[in-house]
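Trainee: Submitted below is the structure of interest, expressed as structure tokens.
The values are calculated or read from the model by the stated rules, or taken from the named source; none is laboratory data. This is a predicted model, so every value here is computed, not measured. No Cβ is skipped: glycine too gets one built from the backbone with ideal geometry, and neighbour counts run over all protein chains shown.
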Amino acid sequence: MNKKMYFALALALVLAVGLAGCGTGGSDNGGGEGGYTIGLVVSTLNNPFFVDLRDGAQAKADELGASLIVLDSQDDAATELSNVEDLVNQGVDLIMINPTDSDAVGSAVAAANGAGIPVVTLDRSANSGEVVAHIASDNVAGGEMAGEFIVEQLGGAGMVVELEGIPGASAARERGEGFNAALEGTDLEVVARQTANFDRAEGLSVMENILQAQPEIDAVFAHNDEMALGALEAIKASGRDIMIVGFDATDDAVAAVEAGELAATVQQLPKDIGSIGVDTAIKVLNGETVDEYIPVALELVTQ
Amino acid sequence: MGKFSLKGRNWKQFLSDNKPVVVLLILIITMSFLSDRFLTWSNIITVLRQTSINAVIATGMTFAILIGGIDLSVGSVLAITGAIAASLVASGMNIILVIILTLLIGLVIGLLNGLLISKGRLQPFIATLGTMTLLRGLTLVYTQGRPISIFGSDTSAIFSKIGTGYFLGIPIPVYIMLVVFFISWYTLNHLKIGRYTYALGSNEEATMYSGIKTDNIKLFVYAVAGVLAALAGIIVTARLGSAQPTAGSGYELDAIAAVVIGGTSMAGGIGTIFGTAIGAIIIGILDNALNMLQVSSYYQDVAKGVVILIAVLLDRKQRKSR
Amino acid sequence: MEEKIVSMENIIKEFSGVRVLDNVNFNIYKGKIMALVGENGAGKSTLMKILTGVYLRTSGKVLFDGEPVDFNTTKESQDKGIAFIHQELNLVRDLSIGENIFLGREPVGPGGKIKWRKLFDDSREWLTKLGLDEDPRELVKNISVGKQQMIEIAKALSLDAQVIIMDEPTGALTMSETERLFEVVKELREAGHSIVYISHRLNEIFEICDHVTVLRDGTLVGEEPIEKLDEDRIIEMMVGRKLSEQYPRVDTEIGEVVLEVKGLTNRFVENVSFQLRKGEILGVAGLVGAGRTELARTIYGVYQPESGEILVNGSPVSIKSPKDALKNGIAYLSEDRKENGIVLGMDLVENVTLASLGNYVGKIGNIDKSKERESTDRYIKSMSIKAAGRNQLLQFLSGGNQQKVALAKNLDTNPGILLLDEPTRGVDVGAKKEIYELINKYKQEGMSILMVSSEIPEILGISDRVMIMHEGRVSGTIDIAEADQEKIMTYAVGKEVS
């Protein structure tokens, strides 16, 4: 009786690993004939932006007949390194990395370099190692775009709140940099600058606190839409009239812009980053020369 | 013939006493059928190197869980010690000194945990939850939210060898892991303090009545967990060449999973370093295998959760039938 | 001829190859009380656990009402009407009496809502039947152990139990509670219930049981109607030899003062002073709560004294922890061995050397395991500890053998002064005598022994002097030549002896 249970559990174990493998691996494996196998290591797939990036890459890979292996680093540099090592062991032809951090990705790039596998970085760059191409939207330019929009809407003067992303994340740094550059020389004052870790729930609670503290606020710039939408809820609840600008143009945010709740959101084109990435990768593998930096356009979404 | 069957029996007995090994073997066999790249030398080395960080943390966690406690702060200890190590290396300090200083910081944090739990009479879960949050905050303050690169001094390259180097074709972190396993095993099985660790986890009162200062044992155990988390911090930082302020988040859970898969009882008193080693390797192989099989990351956690539950269930069945 | 409700035939049980029950037959008769006696480790609990489905038997048959049955879980045996009241009661202390009686079987209305009124009304009915006027809403932790025992019986009755197994039910009861329990047990017999009564107290068995089954070392010695037996005969059956004398007294030359306590005071004891000499056994008697255990534990450093002095061999010592006590040659055998005497999850070796591990340290700080094994084997032999081996976990030993291991742990610290707290609690007759003999041996070897005991015959049997405590104070000290039960009791209740 005990043995039966034991056997059943053992079988379940085999199935858990085996089925998970076959269930998702099957369709991708077919693409191998003649085509290239490209690895894509994404910083996180818990964020719609990077999901879009992956989807864009997948669509392009399917179109070009390449096989794409997608791995998730869960925002952890050590996991990212493990993922790259695993891809190296699988013998992929090229690895596209969307780094969790520009410094820490160095070891991962080195691991691929060591095995002679070319590396393309997406969205965030790598500070060390040999990278054949970097594809990204210009976050500084995006931040500046948002800042200029707010300056224009407020007529060059007012009280602004900046909701920052995860401290230390390059996107947070760069967007903030661009935004603050745009404000320089105007009469706009940043009355509160706090992090909400790119998170909607935190955006809500942080904004609630700021609303308590600051009697006068004219505009909010959030480093991403999740925080912007969180702030929107807080502002709606307070009944105050404050302009909000987000970043990323997620579906929710675009809908909010159309409904007039958000003033604007800076649209990156993550799908384009993914698909241009695959396009570039194939070119590299075919021996064509590519630019070291390939910028992807940004646009401001307004009503 | 007689000798042969005896051998077979010992083998069977070993497996039935060590269910985690069975799980490991099933994983390896299943995987070797599903991927021809799995059982290659380079992949085995990769898995072991990837495992080393969790294994070192999990070894410290084993001590804490053996006395019926827990240390949730290990991930944060890893982050802050990693950050400090990185800035010291970048400042050009002697590498040996950096290592000693970093481990000392881990020791002090561990002792702080131990003091909160023994003298402060706090629940281990609560005390280390507090230090976990506190240290994470201090890491952000210290790093200003930015990663700290180890590069910029003559010694940087040497330091990075701790994480990236090889000796006789085997990565340095793997040696570190093996040394940690051996010392911990020896401590638990051949030193007084190890015996007291088991006794404390089994029956704190009886241990105290036997003339043993239980508070000192607790200090020792959490100090071990702190030092090993700091050691893991050194390895991670050396591997990545930079210290991330967010490094190590969630690592405590992987460590606990490794310990529990290895057959250590959360109630304390029962468990081995061998079990934890197997547990850590199971988790390492799972991460690697699921990547090899190109399992979507969303399904990876599902599969991982199922395997953890099965491994623990197998072990429970075993215990009950004894 | 009596009708059998349960009959267990040729029961064999092995634990990993070790046979603990060998071909045992056991009967329970309808409307009768069957006593099940035997030394600890004789297999009584194992047999009952097989009957109630806790363990699976290796071979043999169990018949219930003539039908073969095969219980895999306690639930199945409960459903058939067999209730097992364990020695350590299985009540949830923080729930009410009523909730405990119906735990897991709460009457529920639509939507799963518990019908509290019905639950408490029904509970009250059962309590009344047992002559209790407790409020069923009272929390279990607020009532006495004797009443908790009754709650267990009420629970068994509410389960419509035909067979009730009681394991050492009077262990923690007072005289009057015991009498009340016996009345209830007799009433249950009148009402047609069958009872298995496990006890070491032979007088109780003669008072209420109809038949006696004796086990020894996992085998059946015999089943007899009570009329055919007397106390000596049962003891003989249990231990397999005639008991010449229950309390073997040895006289030694009593030497100089080894331990002196002067005016010891803390929140448990008040101004306690006494002397203990080399080769002397000082019995400490008194009622429960008189502060005897607390006195021993204060000397051992578990509790801190507020004032007073402890002198060992004439010089004052500071004892702040058990570690200090052991350093001064004072060891303490706890009254509650499972709580703080032994480590159930460790084996014999690890338990024996736990307090003296410093003596087993090898050259590089390692534990000298072969030395550990040697001394453990020595204790196993000299104390005749019954175990499958030195690596058996303590949880699998009988109470008497656990107690011997606890004693061995104390002795291994080479104490000059041994504080024994209820050294034979939960130990069977045969093992009791062995423990007395060991205590005498240590006394002859020159150890000074302080023995706290609630069993007055034991105190009278082996002490050289008796100190009686009442409400934290010493109310009297008597030389053994003048001591008798009456005098001790008089001091124990705080009266002066005229």
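Trainee: How about the stretch B:166-207: which of its residues are under 16 Å from the mean Cα position of the chain (by Cα) and among the hydrophobic types (A, V, I, L, M, F, W, C)?
Mentor: B:Val174, B:Ile176, B:Met177, B:Leu178, B:Val179, B:Val180, B:Phe181, B:Phe182, B:Ile183, B:Trp185, B:Leu188
Trainee: Can you pull out the residues in the stretch B:229-242 that are farther than 17 Å from B:Leu104 by Cβ and either facing chain A (nearest Cβ under 8 Å) or of a type outside the set (A, V, I, L, M, F, W, C) (or both)?
Mentor: If the condition is that a residue be farther than 17 Å from B:Leu104 by Cβ and either facing chain A (nearest Cβ under 8 Å) or of a type outside the set (A, V, I, L, M, F, W, C) (or both), then B:Val236, B:Arg239, B:Leu240, B:Gly241, B:Ser242 are the ones that fit.
Trainee: Tell me the residue from B:Ala311, B:Ala277, B:Ala243 that is aliphatic (A, V, I, L, M) and under 30 Å from B:Ile148 (Cβ atoms), please.
Mentor: Among B:Ala311, B:Ala277, B:Ala243, only B:Ala243 is aliphatic (A, V, I, L, M) and under 30 Å from B:Ile148 (Cβ atoms).
Trainee: Next question, about the same structure. On the basis of being under 12 Å from B:Gly75 (Cα atoms), among the hydrophobic types (A, V, I, L, M, F, W, C) and away from chain A (no Cβ under 14 Å), does B:Leu253 make the cut? Please lay out each step first, then the result.
Mentor: Numbers: under 12 Å from B:Gly75 (Cα atoms): yes; among the hydrophobic types (A, V, I, L, M, F, W, C): yes; away from chain A (no Cβ under 14 Å): no.
Against the criterion (under 12 Å from B:Gly75 (Cα atoms), among the hydrophobic types (A, V, I, L, M, F, W, C) and away from chain A (no Cβ under 14 Å)), B:Leu253 does not qualify.
Trainee: When you look at C:Ala42, is it small (Gly, Ala, Ser) and assigned to a loop (DSSP other than H, G, I, E, B), yes or no?
Mentor: So C:Ala42 passes the test.
Trainee: Go through the residues of the stretch B:249-270 one by one and say whether even a single one is surrounded by 20 or more Cβ atoms within 10 Å (Cβ to Cβ) and under 30 Å from C:Tyr332 (Cβ atoms).
Mentor: Within the stretch B:249-270, one or more residues are surrounded by 20 or more Cβ atoms within 10 Å (Cβ to Cβ) and under 30 Å from C:Tyr332 (Cβ atoms).
Trainee: May I ask you to list the residues in the stretch A:175-199 that are surrounded by fewer than 21 Cβ atoms within 10 Å (Cβ to Cβ) and among the charged types (D, E, K, R)?
Mentor: Matches in the stretch A:175-199: A:Glu177, A:Glu184, A:Asp187, A:Glu189, A:Arg193, A:Asp199.
Trainee: Scan the stretch C:160-174 residue by residue and report those that are touching a Ser or Thr at 6+ places or on another chain (Cβ under 6 Å) and of a type in the set (Ser, Thr, Tyr).
Mentor: Correct list: C:Thr170 only.
Trainee: Pick out the one residue from C:Glu223, C:Glu187 that is in a strand (DSSP E or B) and over 21 Å from the mean Cα position of the chain (by Cα).
Mentor: C:Glu223
Trainee: Does any residue of the stretch B:135-149 turn out to be within 12 Å of B:Leu72 (Cβ to Cβ) and buried (at least 16 other Cβ atoms within 10 Å of the Cβ)?
Mentor: Yes - at least one qualifying residue is present in the stretch B:135-149.
Trainee: Let me ask something else. What pairs come up if the first residue lies in the stretch A:49-71 and is more than 10 Å from every other protein chain (Cβ to nearest Cβ) and farther than 30 Å from A:Asp199 by Cα, the second is of a type in the set (Phe, Trp, Tyr) and not in a helix (DSSP H, G or I), and their beta carbons are under 9 Å apart, counting only those six or more places apart or on different chains?
Mentor: That search, which allows pairs on different chains as well, returns A:Ala61/A:Tyr36; A:Leu64/A:Tyr36; A:Gly65/A:Tyr36; A:Ala66/A:Tyr36.
Trainee: Identify all residues within the stretch A:103-127 that are away from chain B (no Cβ under 13 Å), surrounded by fewer than 24 Cβ atoms within 10 Å (Cβ to Cβ) and touching a residue at least 60 places away in the same chain (Cβ under 8 Å); write none if there are none.
Mentor: Within the stretch A:103-127, A:Pro118 is the sole residue that qualifies.
Trainee: Could I ask something else about it? Mind listing just one residue for me: the one in the stretch B:1-32 that is modelled with pLDDT of 85 or more and surrounded by fewer than 14 Cβ atoms within 10 Å (Cβ to Cβ) and, of those, farthest from B:Gly263 (Cα to Cα)?
Mentor: Applying the filter and picking the extreme gives B:Ser32.
Trainee: For B:Gly120, only one of the following conditions fails: (1) in contact with a helix residue (DSSP H, G or I) (Cβ under 8 Å, 6 or more places away or on another chain); (2) closer than 19 Å to B:Gly248 by Cβ; (3) not hydroxyl-bearing (Ser, Thr, Tyr). What is its number?
Mentor: (2)
Trainee: Restrict the check to the stretch A:128-149 and report whether at least one residue is more than 13 Å from chain B (Cβ to nearest Cβ), in contact with a Phe, Trp or Tyr (Cβ under 7 Å, 6 or more places away or on another chain) and of a type in the set (A, V, I, L, M).
Mentor: Yes: one or more hits.
Trainee: A follow-up question, please. Among the numbered criteria (1) within 21 Å of the chain's Cα centre (by Cα); (2) surrounded by 13 or more Cβ atoms within 10 Å (Cβ to Cβ); (3) under 21 Å from C:Arg93 (Cα atoms); (4) not acidic (Asp, Glu), which single criterion is violated by C:Lys141?
Mentor: (2)
Trainee: What's the number of the condition C:Ile367 fails, among (1) surrounded by fewer than 18 Cβ atoms within 10 Å (Cβ to Cβ); (2) without any contact (Cβ under 8 Å) to a residue 24 or more places away in the chain; (3) over 26 Å from the mean Cα position of the chain (by Cα)?
Mentor: (1)
Trainee: Among the strands (runs of 3 or more DSSP E) confined wholly to the stretch C:271-358, which include 3 or more residues that are in contact with a strand residue (DSSP E or B) (Cβ under 8 Å, 6 or more places away or on another chain)?
Mentor: Correct list: C:272-277, C:281-286, C:307-312, C:330-333.
Trainee: A follow-up question, please. Scan the stretch C:324-344 residue by residue and report those that are within 27 Å of the chain's Cα centre (by Cα) and farther than 17 Å from C:Ile449 by Cα.
Mentor: C:Asp336, C:Arg337, C:Lys338, C:Glu339, C:Asn340, C:Gly341, C:Ile342, C:Val343, C:Leu344
Trainee: Also: When you scan the stretch A:212-225, how many residues do you find that are outside any loop (DSSP other than H, G, I, E, B) and either modelled with pLDDT of 90 or more or not assigned by TED's automatic domain parsing to the domain that holds A:Gln153 (or both)?
Mentor: Total satisfying the criteria: 5.
Trainee: Just to be sure before I move on: is B:Gly69 closer than 27 Å to B:Lys218 by Cα and in a helix (DSSP H, G or I) in the structure I sent?
Mentor: no
Trainee: Taking the options B:Phe33, B:Phe63, name whichever one is without any contact (Cβ under 8 Å) to a residue 40 or more places away in the chain and not charged (D, E, K, R).
Mentor: On inspection, the qualifying residue turns out to be B:Phe33.
Trainee: Could you identify the single residue in C:Leu357, C:Leu394, C:Leu348, C:Leu344 that is buried (at least 20 other Cβ atoms within 10 Å of the Cβ), out of contact with any His (no Cβ under 7 Å at 6 or more places or on another chain) and at the interface with chain B (Cβ under 9 Å from one of its Cβ atoms)?
Mentor: C:Leu357
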